[in-house]
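A.B. asks: The following block contains the structure, expressed as structure tokens.
Each value in this text was obtained by applying a stated rule to the coordinates, not by laboratory testing. A quick note: this is a predicted structure, and the numbers were derived from the prediction, not measured. Heads up, the Cβs are rebuilt from the backbone with ideal geometry, glycines too, and the neighbour counts pull from every protein chain shown.
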Amino acid sequence: MSIYVLDTDTVTFQQAGRETVLRRLAAVPAAMVYTTVITLREQLRGRLADIDRAAEGPVLVRAYQQLQATLLYFSHISVLPLTVAAVAKLTDLREMKVRIGTQDLRIAAIALSVNGVLVTSNRRDFDQVPGLTIEDWNV
């Protein structure tokens, strides 16, 4: 049985309480649900940028609350690393001239390296990745 690898958009939908995503997550064992270190990086980078842009007061408080919520989220989900096997897949995808964003390409390479099902609503980009199994839980 395959594992499910949530991309950054799907993680964001889960965090926002999107009903379609939550319903699908409830239907699979939590031990089969992962995300990637790429998504972790993207979310932390966004949260830190929000803090850097925030003025004093309620906006700053909210930005720090979001950072803490993000840290809590990632302490409760398994995070797949960027491994040597994933970098080999990444190299293969680049040699095949797959033209999608760098972070998406890294997420795809990690999912391929573990034979996972990528959960994404970004079919436009990820459909370009040969051999990648995709499900959209946002529908």
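A.B. asks: Could you tell me how many cubic angstrom of Cα convex hull volume the stretch 36-110 has per residue?
C.D. replies: On the way: hull volume 6.1 nm³, N = 75.
Dividing the Cα hull volume of the stretch 36-110 by its residues yields 81 Å³.
A.B. asks: Further, regarding this structure: Quick check on packing: order 30-40, 55-65 by the mean number of other C-beta atoms within 10 Å, highest mean leading. Show your work: numbers first, answer last.
C.D. replies: Details: 30-40: 19.0, 55-65: 11.3.
Output ranking for 30-40, 55-65: 30-40, 55-65.
A.B. asks: What is the projected area of the convex hull of the Cα atoms of the stretch 13-76, averaged over all directions, in nm²? Please report the intermediate quantities before stating the final value.
C.D. replies: Working: hull surface 19.2 nm².
Convex hull of Cα atoms, orientation-averaged projection: 4.8 nm².
A.B. asks: Quote the relative contact order of the stretch 20-89 in percent (integer), defining contacts as alpha-carbon pairs under 8 Å separated by 6+ residues. Write down the numbers at each step before the final one.
C.D. replies: Details: 36 pairs, mean separation 31.9, N = 70.
The value is 46 percent.
A.B. asks: Using all alpha carbons of the stretch 1-40, what is the percent of pairwise distances in each 5 Å bin, ordered from the shortest bin to the longest?
C.D. replies: The calculated distribution, bin by bin, is 6, 24, 33, 27, 10, 1.
A.B. asks: For Val98, what charge total do you get from the other residues with a beta carbon under 10 Å from its beta carbon, if Lys and Arg give +1 and Asp and Glu give -1? Don't skip to the answer; put the middle values down first.
C.D. replies: Numbers: positive: Arg94, Lys97, Arg99; negative: Asp92, Glu95, Asp104, Asp125.
My count for the surroundings of Val98 gives -1.
A.B. asks: What is the Cα radius of gyration of the stretch 86-139 over 2.2 N^0.38 Å, N being its residue count?
C.D. replies: Values: Rg = 10.2 Å, N = 54, 2.2 N^0.38 = 10.0 Å.
Normalised Rg, Cα atoms only: 1.02.
A.B. asks: Specify the angular offset, from 0 to 90 degrees and rounded to the nearest 10, of the alpha carbon long axis of helix 58-74 from the longest principal axis of the alpha carbons in the chain.
C.D. replies: 40 degrees
A.B. asks: Between beta-carbons, use under 9 Å as the cut-off and find the net charge around Ser121, counting Lys and Arg +1, Asp and Glu -1.
C.D. replies: Values: positive: Arg123; negative: Asp7, Asp9, Asp136.
Charge balance in the 9 Å sphere: -2.
A.B. asks: For the chain, what is the charge dipole size about the Cα centre, in debye to the nearest 20, if Lys and Arg each add +1 at the Cβ and Asp and Glu each add -1 at the Cβ?
C.D. replies: Numbers: 15 positive and 14 negative charges, 14 e Å.
The calculation lands at about 60 debye.
A.B. asks: Given Cα pairs under 8 Å that are at least 6 residues apart, what percent is the relative contact order of the stretch 3-49? Can you show the working numbers first?
C.D. replies: Values: 27 pairs, mean separation 25.6, N = 47.
Result for the stretch 3-49 is 54 percent.
A.B. asks: Another one. Would you work out the relative contact order for the chain, in percent, from Cα pairs under 8 angstrom that are 6 or more residues apart?
C.D. replies: Details: 175 pairs, mean separation 45.5, N = 139.
Once divided by the residue count of the chain, the mean separation gives 33 percent.
A.B. asks: Next up: Helix-derived [θ] at 222 nm for the chain: sum -39500 (n - 2.57) over DSSP H runs of at least 4, divide by residue count, nearest 500?
C.D. replies: Values: 7 runs with 78 residues, N = 139.
Helix contribution divided over all residues of the chain: -17000 deg cm²/dmol.
A.B. asks: Follow-up. When Lys and Arg each count +1 and Asp and Glu each count -1, what net charge do the other residues less than 15 Å away from Phe13, Cβ to Cβ, add up to? List each step's numbers first, then the result.
C.D. replies: Numbers: positive: Arg18, Arg23, Arg24, Arg123; negative: Asp7, Asp9, Glu19, Glu42, Glu135, Asp136.
Taking every Cβ under 15 Å from that of Phe13, the sum is -2.
A.B. asks: State the Cα centre-to-centre distance between the stretch 1-54 and the stretch 116-139 in whole Å.
C.D. replies: 14 Å
A.B. asks: I'm checking a number: the convex hull volume of the Cα atoms of the chain, normalised per residue, in Å³. What is it? Mind dumping the intermediate values first?
C.D. replies: On the way: hull volume 15.9 nm³, N = 139.
Considering the Cα atoms of the chain, their hull volume per residue is 114 Å³.
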